[in-house]
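Quick notes on the structure that follows.
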């Protein structure tokens, strides 16, 4: 029997935190004269299931909870956390964070007002409240479908993870806001073998929802997609090498934008002068075809949030508009530095971490071109369908990305699958070389996690079909 989830911050929940308790803790945090303080309460329950070799190999459920206290004095920040909701332990954390402002006079905390955020990912039934047998059955269906799809499939792995994250944020500016953030992710990996050739394929998705996700994206669908990719790549030829045209497929190709451009548009890097986009607001930084937004407001998307981890309302931030840099993703600290309004991009991995500017759902918006015509316009190039790992230098935008699925384009047609494809370039330079944008904007199906300074948060990416006039392709075949 799966235990029912109990809301932690309800009046009779395991951690009943009200405005009076929060106000008293903020008073302690400001007792040394801090300019600003906030409290970040978190209670998170997560579960995971792994299916391998036709059996359920592991299943688990985990609970984390605690409070993070931040105090700011000028440009200095004090931070402390406690893995407990005991009142005295929380007071100690507040006193510890307050030491950053030692020497100043005490500041009275203002009264707190409850803020009601929008509801972008309400679910009728939390996945954590669904019996584990139902989740095991989803995994079994994926495994069975993948194994039956092609005799060359020799191994299948399937996984399911789920989480409910409850947060409560109280600030010395008077905000008191809560949010419940569900998250599910499903994945299938298949390995195909033929002679001495072996290739893998994967498919997954999810978002801020419950098991209703599988009403539109079945385990069988993901299994067949993983098999399709693995089998297709068995015939992959060595990738060409040199500078050539590249076409990015819609959807997950947005991860290149996220890594090579998005991080450089986070305000802290620009506040510190370490981004290639520092002091470039108002300048032309991309092709005039390109408009880039970070949009936390998409319903049920993996990167969406009702409220950021500083208690502020997120927005649809326009970062680049028709090639012109309009602004950065701002948290409270950076917004104060730039004398602008925060964009609601202050995010943190957990109560143990301080917030910083982070992406939510970052997208290159659609253009007017027909995707098929974009491909037909390429004499010889590479079609990038799925991306794997990569490396990016935030200071200048230089990147190297590997493709897990890519194809050769010859005389306007997508032909042979390619292996060993690396795309090498510079993010801002690539954005200037965008020469066509499809009208087929697609967002990722809930698989991406972004790392920064040791913190990980769920994100979404998106883009239409994109033609880039020249990118260095790192392969083994010259010419």
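Each reported figure results from applying straightforward, stated rules to the coordinates on display, with no laboratory input. Owing to the predicted nature of the structure, the values given are computational and were not obtained by experimental measurement. Here the Cβ is made from the backbone with ideal geometry for all residues, glycine too, and neighbour counts use every protein chain on show.
Points to keep in mind about this one:
- Between residue 396 and residue 281, the distance separating the two model label sites (each 7 Å from Cα on the Cα→Cβ line) works out to 2.7 nm.
- Region 238-478, relative contact order [Cα under 8 Å, separation at least 6], %: 32 percent
- Cα-based Kirkwood hydrodynamic radius, region 35-188, one decimal, Å: 18.9 Å
- Here the peptides 345-357, 86-98, 254-266 are ranked by packing, the mean other Cβ count within 10 Å, and the order with the highest first is 254-266, 345-357, 86-98.
- 463, 450 arranged by Cβ crowding within 10 Å, fewest neighbours leading: 450, 463
- Relative contact order of the chain, taken over Cα pairs closer than 8 Å and 6 or more residues apart, is 16 percent.
- When each of the peptides 182-191, 124-133, 402-411, 160-169 is scored by the mean number of other C-beta atoms lying within 10 Å of its residues, the order from highest to lowest reads 182-191, 160-169, 402-411, 124-133.
- Note on the chain: helix-only mean residue ellipticity at 222 nm, from DSSP H runs of 4+ residues weighted -39500 (n - 2.57) and normalised by residue number, equals -5000 deg cm²/dmol.
- Exposure proxy for 224, 332, 316: other Cβ atoms within 10 Å of each Cβ, ordered fewest to most, give 316, 224, 332.
- Options (1) 1.05; (2) 1.34; (3) 1.21 - which one matches Cα Rg over 2.2 N^0.38 Å as calculated here: (1)
- Degrees, to the nearest 10: 19-29 long Cα axis against longest axis of the chain: 90 degrees
- Computed from Cα atoms, the angle from the helix 87-98 axis to the main principal axis of the chain rounds to 80 degrees.
- Between the C-alpha center of region 189-264 and that of region 26-46 there is a gap of 42 Å.
- Separation of region 125-162 and region 267-333, taken as the distance between their Cα centroids, equals 37 angstrom.
- The angle separating the long axis of helix 219-232 from the principal Cα axis of greatest extent in the chain is about 50 degrees.
- The chain: antiparallel DSSP beta bridges as a percent of all, rounded to 5: 90 percent
- Residue order, fewest to most surrounding Cβ atoms within 10 angstrom, among 215, 288: 215, 288
- Percentage, to the nearest whole number, of Cα pairs in region 240-388 over 19 Å apart: 57 percent
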